[in-house]
Amino acid sequence: MEIVGVALAIPPTVEICLKYGNELREMCAALRNADVEIRERVLRLDYGWMRWSQQLSSLRRVEHMMDQYHREVYAQTLETFLGKLKMVTTQLRGLVTAREPDSVTMKQGHLIDTKITYEARPVKYVLKKKSLDKALEELEIWQRMSDHSWFLLLKMADPAIDEAIGRNSSSVSTTIPSVVAIRAGNQKLNENGTMTSNAGSSGITFKPKDLAQNIISAIPFSNASLAIRKDGTRAYILNTIICPHPSKYQLVKKDTRDLVRKLQHGEPQTFGLLNCKGFVVEQIPPRPTITSTAGGQDEPDYKFTMIFRHPFPSSTSKPRSLRDLLLKGPKPFSLSARFEIARELAKSVSFVHSFGFVHKNIRPEAMLCFSDGPSPTYYLAGFENFRREDGWTRQVGDDSLEHNLYRHPSRQGANPREYYIMQHDIYSLGVCLLEIGLWVSFIDYRPISASFDQDPSLAEPSENDYHTGTHHPGLTPIPSPSLELPDEALDSDRNQGKMFSYLETKGKDHVVTLARKRLPGVMGSKYSELVETCLTCLDKENSDFGDESEFDDEDGIRVGVRYIEKVLLQLNLLNV
């Protein structure tokens, strides 16, 4: 489709979507007294349309602000969404009878436009449920795809966006309440490097004593912890951030405050990111360094603890990390379940970027699974290394196996060669998608006291052995046999020297080879190609992401649009 054609096609397509949507609402009204199960589906559709129509109306007002490539990708998504909308409309038409107006009404010589009315048809709804469910599920999947373009636009630091949304702000904030939270913090930095917004931290900062009112326990194979109020009424997920240096205290506090504000949305399942209640700042004993003062006194360090609400308010159950599931959980009984997990993780990464941040810690330990609902739900946590996409970055890393395996070669080791950009997150995602597709863990954890030749399953650590911070007391990570490392990468203890050199020089090529060799037979060639696209996103030969000059825009929109097209759209096509 030519670019000019795309630009002209978006407004009419929106109008057609709204036309079908109005018909849907009329039919939903006629079916509200139908069979209970049909009525539940109708209410779900009716509620969804309230949100979709607000998005469509707002996008119609701001689509001229998209660049040409963004319009093209959005037009593709919109066309597919329209097709799914037609399918649902067809299903509902089989449940109602349309009645034309009996007579034409005139008023002062003018014809009054009388609408068609609908009545529920006496049919056996049980025969229609399955087909309606399928059509409704596919519509919702593609509506969620359009969410990404919608929220990506909100990233633009342009007053015209606020003006366009503000024309009907009460309706938008009611049906899409997260808009207010996401627009917060998008202001430009002034000459002094501080935010132009005068909003402070009021209402989102808590005292250390507030954490003391909870019983805190580690979540196995995760950097997050579970906090349960001592009265047992509520549960929270805690994520700790250590300030890298006292001189960076104000910067880390500001970034944490801004991330917390944006995560105060009311739609955790929409974003795959938990709702954040606030954060706590604590002084911690200083870490001795070679630059200690002559008197032996170091400056105090600081710890920031983000407090996330449990996605099921009445539950205090402990989630499991994706690493835990890969190591000890049952293999998903269907490929569609793996596609769902992959899609949820990719979605979460997209919204972290849309909120204006890079994650810097995407690995199975950072993804949490909650099993309280009818089906598992997944959320990305692990924000201990996050930063603003355009903010201060330190070229400091570490030599830990469980981190470096998910880092691009340019970010390996204690002194990475390059500054961190969004594509580094996409590379990490590719390694995770490879593990999800094969349903194996590339990392095993072995108790330090266990002998090297002992099978990890025969040396199970206790709950107290799981790590609660940045390390794993009592455990040491080792490469899993599933990673298929060659002998040249293995020392006698499997986690030193040769291995780090191999990961830095040949690690990327190794996981790309694994994807090409093992994924097609399990997940299909399309999924394998998608994983390879992520793993090679920083290669100059990669036609999708390799040319950095294509993404040199002020708001970082273009790389997000390319991600939507090359990763999210492709995953949704595989999933449906």
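A short reminder: the numbers here are calculations on the coordinates, not readings from a lab. This one's a predicted model, so the numbers in the text were calculated from it and none came from an experiment.
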| query | On alpha-carbon atoms, Rg over Rh for the range 10-57 using Kirkwood Rh? | reply | 1.05
| task | Just tell me which lysines come within less than 28 Å, Cα to Cα, of K248; anything on the same chain fewer than 8 places away is out. | result | K155, K188, K207, K209, K262, K277, K303, K360
| task | May I ask you to list the lysines whose Cα is less than 24 Å away from that of K134, ignoring any residue fewer than eight positions away on the same chain? | result | K19, K84, K86, K124, K347, K526
| query | Using θ = phi - 60° and the Karplus form 6.51 cos²θ - 1.76 cosθ + 1.60, what ³J(HN,Hα) does each residue of the range 221-229 get, whole Hz, x for Gly and Pro? | reply | 6, 8, 7, 8, 10, 9, 10, 10, 3
| Taking the range 336-392 as the region of interest, what is the percent of Cα-Cα pairs per 10 angstrom bin, listed from the shortest bin to the one with the maximum distance? | 22, 50, 22, 5, 0
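When the chain is fully extended, how far beyond the present Cα-Cα distance does M87 get from S525, taking 0.36 nm per residue of separation? Provide the component values of the computation, followed by the final result.
Numbers: separation 438, 0.36 × 438 = 157.68 nm, distance 2.82 nm.
Stretched fully, the M87-S525 segment lengthens by 154.9 nm.
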| query | Taking a quarter of the surface of the convex hull around the Cα atoms of the range 201-256, what do you get in nm²? | reply | 5.0 nm²
